[in-house]
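This report concerns only the one structure given below.
FYI, it's all coordinate maths here, none of it is from the lab. All values reported here derive from a predicted model rather than from experimental measurement. Neighbour counts run over all protein chains shown; Cβ positions are idealised from the backbone, glycine included.
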Amino acid sequence: QVQLVESGGGLVQAGGSLRLSCAASGSTFYIQTMGWYRQAPGKQRGLVATITSDGRTNYVDSVKGRFTISRDRPKNTVYLQMDSLKAEDTGNYYCNAVEGGRSYWGRGTQVTVSS
């Protein structure tokens, strides 16, 4: 079992920055991939960025060049640095971890970007 707790969301003006954190606990040694997903009001949850255990990253096109995902393995924490935020980045951001073929989710943290 893996438990995930997100933090760092909030209200920010367009063009601003936020840094999200996701702390993992439990069976963290076998986590293969961690990532961030977001869900805007009335929309389905979608991929933002992922990072594998060997550091390979993947981003949805809309955030490339603005968001950076990183991972601190000793701290079992994954970060999402979000710069040049836009109103369309607004949503609830969820942390995800894949371990042993199972997918785990945090409760989410709200990001609101005012235009």
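Across segment 64-69, in residue order, what do the Karplus-derived ³J(HN,Hα) couplings come to in whole Hz, using 6.51 cos²θ - 1.76 cosθ + 1.60 with θ = phi - 60° and x for Gly and Pro?
Coupling constants for segment 64-69: 4, x, 10, 10, 9, 9 Hz.
How large is ³J(HN,Hα), in whole Hz, for each residue of segment 99-115 in order, when computed from phi with the Karplus curve 6.51 cos²θ - 1.76 cosθ + 1.60 and θ = phi - 60°, using x for Gly and Pro?
9, x, x, 9, 10, 10, 10, x, 7, x, 9, 7, 10, 10, 10, 8, 9
So which chymotrypsin sites (Phe, Trp or Tyr not before Pro) in segment 1-56 are both in a DSSP loop and have at most 15 other Cβ atoms within 10 Å of their Cβ?
Passing sites in segment 1-56 are F29, Y30.
Just to be sure I follow: if Rg is taken over the C-alpha atoms of the chain and Rh is the Kirkwood radius over the same atoms, what is Rg/Rh?
0.95
What lysines does K75 reach when the alpha-carbon gap must be under 29 Å and sequence neighbours fewer than 8 apart in one chain are set aside?
K64
Would you please name the trypsin sites (Lys or Arg not before Pro) within segment 33-115 that are DSSP coil residues with at most 13 other C-beta atoms within 10 Å of their C-beta?
Sparse-neighbourhood loop trypsin sites (Lys or Arg not before Pro): K43, R56, K64, K75, R107.
Which whole-number percent is the relative contact order of the chain (Cα, under 8 Å, 6+ apart)?
RCO, the chain: 37 percent.
Between S7 and L47, what is the label-to-label distance in nm when each label sits 7 Å out along the Cα-to-Cβ direction?
2.9 nm
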